[in-house]
1. Suppose only helical runs count, i.e. DSSP H with n ≥ 4. What mean residue ellipticity at 222 nm does that imply for the chain under -39500 (n - 2.57) per run, divided by all residues and rounded to the nearest 500 deg cm²/dmol?
2. Taking the beta-carbon count within 10 Å as an exposure proxy, list 85, 66 from fewest neighbours to most.
3. How many angstrom separate the Cα center of region 43-72 from the Cα center of region 143-170?
4. Given charges of +1 on the Cβ of Lys and Arg and -1 on the Cβ of Asp and Glu, with all other atoms neutral, how large is the dipole of the chain about its Cα centre, in debye to the nearest 20?
5. Taking Rh as the Kirkwood radius computed over C-alpha pairs, what is the Stokes-Einstein D of region 147-273 at 25 °C in a medium of viscosity 0.890 mPa s, expressed in µm² per second?
6. Looking at region 1-124 only, what percent of DSSP beta bridges run antiparallel? Nearest 5 please.
7. Report the one residue of 76, 119, 59 whose Cα lies farthest in the direction of the positive end of the charge dipole of region 57-189 (charges on C-beta: Lys and Arg +1, Asp and Glu -1; origin at the Cα centre).
8. With both partners inside region 14-271, how many of the DSSP beta bridges are antiparallel, as a percent to the nearest 5?
Amino acid sequence: MDAHPARQLPQGAVDCHAHVMQKDAPLAAMRHSAPARDVSVQEYLRILDAHHVAFGVLTAPSFYGTDNSLLLAALGEASGRLRGTVTVDPDIAHGELLAMKEKGVCGVRLNWIKRPALPDISSAQYQRLFDLLRELDMHVEVFIESRLLGQVLPAIQRSKAKIVIDHFGNPEPEQGTDGEGFKRLLDAIHCGNTWVKLSAPYRLGGASIQPYVDQLLQGSGGERAVWATDWPWVGFENQITYRQCVEWLFDWVPDEKLRHKILVETPGKLFGF
């Protein structure tokens, strides 16, 4: 039985970060994790139904590189209920990206966590990609160590493309909200073209989450934050439940109107539901 049976998500709620996976699919050399089991889109849709979640956003995991075939197939099976972010080479053709958008892709993910060296984000190739994403009204999703945000955000901001930051900006627990990277994230959010996912607190080394939530929401009124479960919790598969992710949001954001913005209004506009 749920600890708080009255805690029901509002109609139109969006889970903004989840994955579909297949164990026997080819894995990329540049990866920091691997699928523990097959995870189908039909399983995810059943999970959404069970928790009264209307829509979801599938996120490209690191371990498939630029092979987005599984994610695109999942979008095709979801009858418009899901959107997706893909991993691409920076020189992707306009027509290929447009075709992905027509299938439900709403952004491109830079999964640059745990990299020995970062790609040259200021290169002409990446600037062209960001310009293309802005033109197509798609976003750049960023997953990177907080301390490196200062190396990445300015190049994307110059293009005026929308930016979505994964997992609270991935702040270093020992620095807390005083970390330079987290301050960079707050500055970007206050500039008005960057959003952050309230997701995966278990990836932050046991740090208290409430101070991050409070500062991320301060002044933005919930218009720059979205909620996500990170289902099926790669690396934490047997430690987290979907209901737990729901409960966390109610604990973090007790105000109903603010939660509605985070769950429904903001992601609906951002991801095109």
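1. -9500 deg cm²/dmol
2. By the 10 Å Cβ count, ascending, the order reads 66, 85.
3. 22
4. For this selection, approximately 280 debye.
5. My calculation gives 164 µm²/s for D.
6. About 10 percent, rounded to the nearest 5.
7. Checking the options against the dipole of region 57-189, the answer is 76.
8. Here the antiparallel bridges make up roughly 5 percent for region 14-271.
Just so you know, all these numbers are worked out from the coordinates, no wet-lab data involved. Computed from a predicted model, the values in this text were never measured in an experiment. Heads up, the Cβs are rebuilt from the backbone with ideal geometry, glycines too, and the neighbour counts pull from every protein chain shown.
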